[in-house]
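Before any comments, here is the structure.
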Amino acid sequence: MKVLLAVLLSFSFFLAGAQNQRDNSGALIGLDFSVGLHRPGGDWAARFGGHGSLGSSLEYFLKKSNFILGLEGYFLFGQKVKEDVLAGIRGPEGFLISNDRSVADIQLRERGFYVGGHFGKLFRLSDFNPKTGIRLTVGAGVLQHQIRLQEEVNVSVSAISGDYKKGYDRLSNGLALNQFIGYQHFSLNRRINFYAGFEFTQAFTQSRRDYNFDIRSADTDTHFDWSYGLRLGWVFPFYLSDKGEEILY
């Protein structure tokens with residue numbers, strides 16, 4: 001991970017600062033990589049605890065207006081699952097029995113993703129740096145989350161093997177709305193480019209499984225899932241217009 005981060009940073013410095021630019025007013029395409037920490041609410045909070053996210057987005061910044069158009073995708077992961085879907089098949093000590101009659105320690109984890117598009121605007125704080133200021137975006141897409149049944153290596157339990165897992169994983173997805181407000185910085189020499197701020201998500205999800213084995217019924221309700229949290233991203237800018245640039249030798 002450290003080696004990958006070093007390579008990405010070096011690549012950014014090479015692309016953005018090789019000619020010692022001193023102007024960032026042009027239109028640009030930004031490729032960013034970000035991390036987030038979130039707290040769930042609504043029906044989401046009844047099933048899972050806090051979760052993290054890793055993702056990327058591709059954005060187009062207009063030259064004069066600083067309007068933003070973008071596409072984004074995030075992988076969601078969490079350690080805390082409040083709903084023990086395996087309670088009915090666990091033994092007295094909380095373990096399952098594997099096919100070879102040994103004890104199987106099956107852990108429950110949260111997994112999911114969000115993909116969508118967004119638009120917004122960067123409100124500059126001064127004329128000195130036209131690409132730095134308050135960033136505001138709104139978007140829509142698809143949110144999905146589920147329970148991952150994490151088995152031990154070389155341990156198999158027939159009750160949750162293959163397609164049987166689908167009866168326990170609570171796979172749910174649906175339309176989601178997303179908002180972000182925070183600070184975005186593009187340096188004049190184009191080398192330091194990042195954003196940080198608050199992110200909010202609201203989703204209208206439904207179960208995509210026909211039957212849940214543990215409760216012996218289907219979940220046909222529509223759920224309202226929402227979350228709030230922080231997101232920090234590093235941006236690799238590709239400028240499309242360099243009129244009036246100053247090149248220092």
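The values are calculated or read from the model by the stated rules, or taken from the named source; none is laboratory data. Here the structure is a predicted model, which means the values were calculated and not measured. Using ideal geometry, Cβ is built from the backbone for each residue, glycine included, and neighbour counts are taken over all protein chains shown. The accessibility values were calculated without ligands, DNA or RNA, using every heavy atom of the protein model including side chains. Shrake-Rupley method; radii C 1.70, N 1.55, O 1.52, S 1.80 Å.
Calculate, in nm to one decimal, what residue 33 and residue 89 gain on full extension: separation in residues at 0.36 nm each, minus their alpha carbon distance. Numbers along the way, then the final one.
Numbers: separation 56, 0.36 × 56 = 20.16 nm, distance 4.09 nm.
The residue 33-residue 89 span can extend by a further 16.1 nm.
Rounded to the nearest 20 Debye, what is the dipole magnitude of the chain about its Cα centre when Lys and Arg each give +1 and Asp and Glu each give -1 at the C-beta? Each step should come with its number before you reach the end.
Numbers: 27 positive and 25 negative charges, 124 e Å.
Roughly 600 debye for the chain.
Taking all protein chains as present, what is the carbon and sulfur share of the accessible area of the range 17-83, in % to the nearest whole number, probe 1.4 Å? Let's see the in-between values first.
Values: 1920 of 2980 Å².
Within the range 17-83, the accessible surface is 64 percent carbon and sulfur.
What is the distance, in nm, between label points placed 7 Å from the Cα along the Cα-to-Cβ direction at residue 60 and at residue 218?
Placing both labels 7 Å along Cα→Cβ, they lie 4.2 nm apart.
Summarise the accessible area of the range 148-205 (1.4 Å probe, protein heavy atoms) by the percent that is carbon and sulfur.
Working: 1580 of 2590 Å².
Using a 1.4 Å probe with all protein chains present, the range 148-205 comes out at 61 percent carbon and sulfur.
Can you tell which of 26, 94, 167 shows the greatest fluctuation in a Gaussian network model of the chain with Cα springs below 10 Å?
For the chain, modelled as a Gaussian network with Cα springs under 10 Å, the answer is 94.
What trypsin sites (Lys or Arg not before Pro) does the range 140-224 have in DSSP loop regions with at most 13 other beta carbons within 10 Å? Don't skip to the answer; put the middle values down first.
Numbers: sites: 148, 165, 166, 170, 190, 191, 208, 209, 216; in loops: 170, 190, 191, 208, 209, 216.
Passing sites in the range 140-224 are 216.
If each DSSP helix of 4+ residues adds -39,500 (n - 2.57) and the sum is divided by the residues in the chain, what number results at 222 nm, nearest 500 deg cm²/dmol? Don't jump to the answer; show the numbers that get you there.
Working: 2 runs with 21 residues, N = 249.
So the calculated ellipticity at 222 nm is -2500 deg cm²/dmol.
Ignoring ligands, DNA and RNA, what accessible area per residue does the chain give at 1.4 Å, in Å²?
Working: 13200 Å² over 249 residues.
Result: 53 Å² per residue.
How much accessible area does residue 220 have with a 1.4 Å probe, in Å² rounded to the nearest 10?
Only protein atoms counted, so the area is about 110 Å².
Using the basic label-point model (7 angstrom from Cα toward the beta carbon), what is the residue 230 to residue 80 distance in nanometres?
1.7
Just how large is the dipole of the range 30-157 about the Cα centre, in debye to the nearest 20, putting +1 at every Lys and Arg Cβ and -1 at every Asp and Glu Cβ? Can you show the working numbers first?
Details: 15 positive and 13 negative charges, 144 e Å.
Charge dipole of the range 30-157: 700 debye, to the nearest 20.
Please state the relative contact order of the range 183-245 as a whole percent: Cα pairs under 8 Å, 6+ residues apart? Don't skip to the end; give the middle numbers.
Working: 84 pairs, mean separation 22.4, N = 63.
Averaging sequence separation for qualifying contacts and normalising by length gives 36 percent for the range 183-245.
Name the GluC sites (Glu not before Pro) in the range 35-95 that are in a loop by DSSP and that have at most 16 other C-beta atoms within 10 Å, would you? Show your work: numbers first, answer last.
Working: sites: 59, 72, 83, 93; in loops: 83, 93.
Sites meeting the loop and neighbour criteria: 83, 93.
Taking the Cα-to-Cβ direction at residue 204 and at residue 175 and moving 7 Å from each Cα, how far apart do the two end points lie in nm?
According to this spin-label approximation, the distance is 0.5 nm.
Subtracting the Cα-Cα distance from 0.36 nm times the residue separation, let me have the gained length for residue 163 to residue 185 in nm, one decimal. Write down the numbers at each step before the final one.
On the way: separation 22, 0.36 × 22 = 7.92 nm, distance 4.75 nm.
Working it through step by step, the gained length comes to 3.2 nm.
Give the relative contact order (percent, whole number) for the chain; include only Cα pairs under 8 Å separated by 6+ residues. Working shown, then result.
Details: 643 pairs, mean separation 61.4, N = 249.
The value is 25 percent.
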